[in-house]
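Below: the structure, in structure tokens.
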Amino acid sequence: MKRLAVYPGSFDPMTNGHVDLVRRSLQVFDQVIAAVAYNPHKDSAWFTPDERVAMIRETFAAEKRVLADKFSGLLVDYAVGRGASVIIRGLRAVADFEYEFQMTMMNRHLRPQVETIFMMTGETHFYTSSRLVKEVASLGGNVAGLVPDAVLPRLLERARRHRP
Ligand code: PNS
């Protein structure tokens, strides 16, 4: 049986920290779905769900075991609908723990059969987050190397619109 995992996130946009996590996941799972979560009623994202999916697809164009998709609604329902019983989340610093712990427990309450597995991000990406990357880009800072090639030009273009 294929070992399938869902790697959910806002991915607004995907960073090299996310890429690192996907690559680590592929060592454990046969197939990983990077699933872009969006809220159709309230989304302050820089990129549309389709743009985010397109950047993930482009980044992993050569890796057939990575699928990109988008979903709204409950993550656990999405995972079960895709036939996945595992959710992967990345952990960076201790600060991530509280938020991740709450989400995991709520997801377990909703669907006890869905397990959440945590992986540690590579140390080069400990400080990388989509939020910080957007903030730095909007203030004219250098974000090269922090995001995949498929993301960088789109991020810089979008940052011009969000310049304070
Ligand atoms: O990359 P992020 O923003 O930290 O990812 C958060 C995400 C998308 C995993 C979380 O917000 C989520 O699961 N959203 C889907 C809606 C849902 O299931 N909410 C209840 C979670 S306990």
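The values are calculated or read from the model by the stated rules, or taken from the named source; none is laboratory data. These figures come from a predicted structure and were not determined experimentally. Neighbour counts are summed over all protein chains in view; Cβ atoms, including those assigned to glycine, are modelled from backbone coordinates with ideal geometry. Protein only, heavy atoms only, side chains kept; ligands, DNA and RNA dropped before computing areas. Shrake-Rupley method; radii C 1.70, N 1.55, O 1.52, S 1.80 Å.
Pick from the stretch 64-73 the residues that are surrounded by 15 or more Cβ atoms within 10 Å (Cβ to Cβ) and within 20 Å of Asn107 (Cβ to Cβ): which of them is farthest from the ligand (Cβ to nearest atom)? So the residue we want is Asp69.
Against the test of being surrounded by 21 or more Cβ atoms within 10 Å (Cβ to Cβ) and modelled with pLDDT of 95 or more, the options Ala61, Ala35 yield a single qualifying residue, Ala35.
So that you can scan it fast, the table gives a plain yes or no per residue for (1) more than 9 Å from the ligand (Cβ to nearest atom); (2) more than 26 Å from Arg158 (Cβ to Cβ); (3) of a type in the set (Ser, Thr, Tyr); (4) not in a loop (DSSP other than H, G, I, E, B):
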site	(1), (2), (3), (4)
Pro8	no, no, no, yes
Pro13	yes, no, no, no
Asn39	no, no, no, no
Ala61	yes, no, no, no
Ile88	yes, yes, no, yes
Glu98	yes, yes, no, yes
Met106	no, yes, no, yes
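When Thr104, Thr121 are screened for being within 14 Å of the chain's Cα centre (by Cα), open to solvent by less than 80 Å² (accessible area, probe 1.4 Å) and over 21 Å from Lys70 (Cβ atoms), only Thr121 passes. Is it the case that the stretch 41-54 has a residue that's more than 19 Å from Val147 (Cβ to Cβ) and either surrounded by 17 or more Cβ atoms within 10 Å (Cβ to Cβ) or among the hydrophobic types (A, V, I, L, M, F, W, C) (or both)? Scanning the stretch 41-54 turns up no residue that is more than 19 Å from Val147 (Cβ to Cβ) and either surrounded by 17 or more Cβ atoms within 10 Å (Cβ to Cβ) or among the hydrophobic types (A, V, I, L, M, F, W, C) (or both).
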